[in-house]
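Data block below; observations after.
Bear in mind that the values in this text are calculations on the coordinates, not laboratory data. Here the structure is a predicted model, which means the values were calculated and not measured. Quick reminder, even Gly has a Cβ in these numbers, built from the backbone with ideal geometry, and neighbours come from all protein chains shown.
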Amino acid sequence: MREPINMPSTLTTTDAKTDDESQDLAWTIAQAADDRKGADILILRVAQVSYLTDYFVIVTGFSKAQVRAISQSIAEKMESVWQRLPIRTEGQANSSWILQDYGEVIAHIFLPEEREFYNLEAFWGHAERIEFQASQPLDD
């Protein structure tokens, strides 16, 4: 009979480094969304509750053109800062919900109606919520 494998209860050094990098990727995506005036930016750490990814970044855009602009900003910043292209991008044709999958982080850019309908925040309510503070406009 084989002995059971004991899994570590805490992150190893490699896991911690990977998690730090994943969080940095999520912050880069959130900042790129903020650059295009994305609203209600929320980062969910889903690594402990899902095998799909480590983080979701959820963003609202108020028109299809803005949703596309946010998606393009994310793609440009991820390529320039991290030299990474999305593994998959979905929803560009309709642009009411664009999903960009970067492996460790998945960006969801919604129109308000779609964000309310799909309500990922509630579906993943057991995930750790990380509030992203949007940049403040500079006073002239």
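Each of Glu116, Glu121 was scored by other Cβ atoms within 10 Å of its Cβ. Arranged with the fewest first, they read Glu116, Glu121. Put one equal scatterer on each alpha carbon of the stretch 16-131, apply the Debye formula with no solvent term, and list log10 I(q)/I(0) at q = 0.12, 0.21 1/Å to two decimals. Once normalised to I(0) and log-transformed, intensities are -0.35, -1.15.
Kirkwood radius and radius of gyration were both taken over the C-alpha atoms of the stretch 78-140, and their ratio Rg/Rh is 1.03.
Between the amide H of Phe132 and those of Ile43, distances stay under 5 Å, these residues lying 5 or more places away or on another chain, with hydrogens modeled in the peptide plane.
Which of Asp34, Asp101, Asp54, Asp20 has the fewest other C-beta atoms within 10 Å, and how do the rest follow up to the most?
Details: Asp34 18, Asp101 15, Asp54 22, Asp20 10.
Result, fewest neighbours first: Asp20, Asp101, Asp34, Asp54.
Each of Ile58, Ile41 was scored by other Cβ atoms within 10 Å of its Cβ. Listed from fewest to most, they are Ile41, Ile58. Find the relative contact order for the stretch 16-131 and round it to a whole percent, using C-alpha pairs within less than 8 Å whose residues are 6+ positions apart. Averaging sequence separation for qualifying contacts and normalising by length gives 29 percent for the stretch 16-131.
The amide H of Asp54, built 1.01 Å from its N in the peptide plane, has Val105 as neighbours under 5 Å, considering only residues 5 or more places off or on other chains.
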